[in-house]
Amino acid sequence: MMESEDDLDSLLRTIVDLNHACAILEWDQETYIPDGAHESRASQLASLRAVAHAYATSERFANALNRAEESTDPSDDRRTRLLRVARRDYTKATALSTDLVSRLALAEARSKDAWRRARENDDFDSFAPHLNLLIELNREKADALGHDGERYDALLDQFEEGLVTSTVDGVFGPLRDELVPMIQAIDDASQLDDSVIRGDFDEAKQWALSKEIAAAVGYDFQRGRLDKSAHPFSTAFSIFDVRITTRVDRHFFSPAFYGTLHEVGHALYEQGIDPSLDGTPLADGTSLGMHESQSRLWENLVGRSLPFVTWLMPTLQRHFAGTFDGVDPERFYRAANRVEPSLIRVEADEVTYNLHIMIRFELEKALIAGDLSIEDLPEAWNEMYERYLGIRPESNADGVLQDIHWAMGAFGYFPTYTLGNIMSAQIFDAAKADLPELETNIRSGNFEPLLTWLRSTIHRYGRSRTATEILEEVTGVGIRSSNWLDYIRRKYGELYSTSL
Ligand code: ZN
């Protein structure tokens, strides 16, 4: 009996190792790869992925998993949780036929390429057939993965276990109804001055500051690195190697600073997973929504708060001699929280951001259901921006073509961003209740109590607890938007001297 269990563990470790080797190749592709090497890298990745997939769907693995399930004592909680996740991954990996997997891979590769050119040339028509094919393939994928009549459910479940469309509708609908008039009221109030974070900020100094802040909040550089990339991201190759990237804008302070803090939030989660889970499929964030809750918590709830900015000011003045002299924390705080409806999701402020997500959710749900045709998509997009945010894209490049997600075939992904925002407020409220000194701690740059709390309530579990289990344990309730809405109302009502 021991032998079969050992066999499963070593097979799981091999699968984990192969997937992490792919992640290293991808990290390199986004950071240091020479321009001429993209073709060969694509081939290396495809080969290694195929090996990992063959391993994960092999008869040998299936037999080992079956034997382990039969021989495991159900009261062995730790083992049972590992087997549950191993079974879920196996079921997902084997649900799709090799034929469908390769048709998807081919369509995605071609579509990404077509999308890049279409966006450059503001030419939606050249991208439309690719998008059409990806929608058809995603319907086929949803049917293969299985659902109770709502195809979009199967797509959501890939990223957020157990999440169904009706739940998202139930959260997003009321949230949108509250947000639209709130943004209107902010728009009518007098605008905040953000000139203090616009100007000329030496890139090397921004870089040094980002590193110092990452370390200050608890990012462990002995188990990670910070590098530059065009699109910031975080990635883990084990609990002992969790990397982050950022980008620097010489004329705008926020992208490097808050971008780094965001990725640090993701990385703190991965660095905080119980080390004994390393080498198993449990050593990963439990869902995309929970992951995003951690990045948003550090970026917004902590990083864009007045206590944090108050602590930050002397550090800023030290790094940028002359630039921030005499700037009081309030002024920086107002600048960092300026709200302005914009066309581009990744540049959106905290208040308007979720509307960008809701628009994408409504549209992709309709596309998968067949209620919206590709040719009507650009106009539907523009019309929703006008209705929800009061602005209308002048071009498809700034409209329907701006995100890579659909071009990558990622349908059901967008909602996890808003779920993460909502959860971040629920989790932060729970932390405040448990840590009465939290604000004082943040004002004095002592982030350890918060990080320790997050580690013990969320991080350490990895995938051994689902997002729903963790959220219910931490907050006593499931996902709900009221904490986030209260936070927004209070903070921005005060900032804009208006009642929201
Ligand atoms: Zn994120």
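If amide hydrogens are placed 1.01 Å from N in the peptide plane, which non-local residues have theirs closer than 5 Å to the one on VAL339?
Correct list: LEU192.
Which sequence of ARG334, ARG223, ARG443 reflects their accessible areas, 1.4 Å probe, from the largest down?
Numbers: ARG334 85, ARG223 50, ARG443 110 Å².
Correct descending sequence by accessible area is ARG443, ARG334, ARG223.
Subtract the Cα-Cα distance of ILE391 and ASN63 from 0.36 nm times their separation in residues, and report this length gain in nm to one decimal. Please list the in-between numbers first.
Details: separation 328, 0.36 × 328 = 118.08 nm, distance 5.67 nm.
Extending this stretch completely gives an extra 112.4 nm.
Mind listing P(r) for the chain? All alpha-carbon pairs, 10 Å bins, whole percents.
Going out from 0 Å in 10 Å bins, the chain shows 4, 17, 29, 29, 16, 5, 1, 0 percent.
Let's test the formula: R0 of 51 Å, r as the Cβ-Cβ distance of PHE240 and GLU140. What FRET efficiency results, to the nearest 0.05? Numbers along the way, then the final one.
Values: r = 39 Å, r/R0 = 0.77.
Once the sixth-power term is evaluated, E becomes 0.85.
Suppose each label sits 7 Å from its Cα in the direction of the beta carbon; what would the THR323-HIS251 distance come out to in nanometres?
1.5
Would you rank TRP115, TRP207 by solvent-accessible area, highest first, keeping every protein chain in place and using a 1.4 Å probe?
Working: TRP115 20, TRP207 50 Å².
Putting TRP115, TRP207 in descending order of accessible area: TRP207, TRP115.
Can you find, among GLY462, ILE239, SER424, the residue sitting farthest towards the positive end of the charge dipole of the stretch 165-495, where Lys and Arg contribute +1 and Asp and Glu -1 at Cβ?
Comparing the listed Cα positions along the dipole, ILE239 ranks first.
Taking θ as phi - 60°, what are the ³J(HN,Hα) couplings along the stretch 150-164 by the Karplus curve (6.51, -1.76, 1.60), each to the nearest whole Hz, with x for Gly and Pro?
Once θ is set to phi - 60°, the couplings for the stretch 150-164 become 9, 4, 4, 4, 5, 6, 4, 4, 4, 10, 9, 4, x, 6, 10 Hz.
Excluding same-chain pairs closer than 8 in sequence, count the lysine pairs in the chain whose Cα atoms lie under 27 Å apart.
Lysine pairs meeting both conditions in the chain amount to 11.
List, in order, the whole-Hz ³J(HN,Hα) value for each residue of the stretch 369-376 obtained from phi through the Karplus relation with A = 6.51, B = -1.76, C = 1.60 and θ = phi - 60°; use x for Gly and Pro.
3J(HN,Hα) across the stretch 369-376, in whole Hz: 6, x, 8, 9, 8, 4, 5, 8.
Please list 3J(HN,Hα) in residue order for the stretch 443-455, calculated via the Karplus relation 6.51 cos²θ - 1.76 cosθ + 1.60 where θ = phi - 60°; whole Hz, with x for glycine and proline.
4, 9, x, 9, 8, 4, x, 5, 5, 4, 5, 5, 4
Determine the calculated [θ] at 222 nm for the chain from helices alone, applying -39500 (n - 2.57) to every DSSP H run no shorter than 4 residues and normalising by the residue count; nearest 500 deg cm²/dmol.
Details: 20 runs with 316 residues, N = 500.
Per the formula, -21000 deg cm²/dmol.
With a 1.4 Å probe and all protein chains kept in place, how much accessible area does HIS130 have, in Å² rounded to the nearest 10?
Accessible area of HIS130: about 60 Å².
Give me the distance in nm between label points sitting 7 Å out from Cα along the Cα-to-Cβ direction at ARG490 and GLN222, one decimal.
About 3.7 nm, to one decimal.
Which FRET efficiency, nearest 0.05, do GLU448 and ALA185 yield, Cβ-Cβ r, R0 45 Å? Mind dumping the intermediate values first?
Numbers: r = 38 Å, r/R0 = 0.85.
It comes to 0.75.
Just by accessible area at a 1.4 angstrom probe, what is the order of GLU362, GLU30 from largest to smallest?
Details: GLU362 45, GLU30 85 Å².
Correct descending sequence by accessible area is GLU30, GLU362.
With a point put 7 Å past each Cα toward its Cβ, work out how far ARG84 is from ASP169 in nm, to one decimal.
It works out to 2.8 nm between the two label points.
What Kirkwood hydrodynamic radius, in Å, does the stretch 106-204 give when the mean of 1/r is taken over all pairs of distinct Cα atoms and then inverted? Walk me through the numbers on the way to the answer.
Working: mean 1/r = 0.0555 Å⁻¹.
It works out to 18.0 Å.
Relative to the present Cα-Cα distance, how much length would full extension add between ASP73 and LEU435 at 0.36 nm per residue of separation?
Values: separation 362, 0.36 × 362 = 130.32 nm, distance 3.81 nm.
That pair, ASP73 and LEU435, stretches by 126.5 nm at full extension.
Contact order normalised by length for the chain, with contacts defined as Cα pairs under 8 Å and 6 or more residues apart; what percent is it? Don't jump to the answer; show the numbers that get you there.
Working: 681 pairs, mean separation 97.2, N = 500.
Relative contact order, the chain: 19 percent.
How many angstrom lie between the C-alpha centres of the stretch 226-247 and the stretch 301-325?
Computed from Cα coordinates, the inter-centre distance equals 24 Å.
Which FRET efficiency value, to the nearest 0.05, do you get for GLU347 and ASN121 by plugging their Cβ-Cβ distance into 1/(1 + (r/R0)^6) with R0 = 22 Å? Present the calculation step by step, with values, prior to reporting the outcome.
Values: r = 22 Å, r/R0 = 0.99.
Once the sixth-power term is evaluated, E becomes 0.50.
Taking amide H positions as placed 1.01 Å from N in the peptide plane, with prolines and chain starts having none, which residues 5 or more places from ALA189, or on another chain, fall under 5 Å of its amide H?
Amide H neighbours of ALA189, under 5 Å, 5+ apart: none.
Ignoring ligands, DNA and RNA, what percent of the accessible area of the stretch 165-495 is carbon or sulfur (1.4 Å)?
Details: 5630 of 12100 Å².
Result for the stretch 165-495: 47 percent of the exposed heavy-atom area is carbon or sulfur.
The values are calculated or read from the model by the stated rules, or taken from the named source; none is laboratory data. This is a predicted model, so every value here is computed, not measured. Using ideal geometry, Cβ is built from the backbone for each residue, glycine included, and neighbour counts are taken over all protein chains shown. Accessible surface areas use protein heavy atoms only, side chains included; no ligands, DNA or RNA. Shrake-Rupley method; radii C 1.70, N 1.55, O 1.52, S 1.80 Å.
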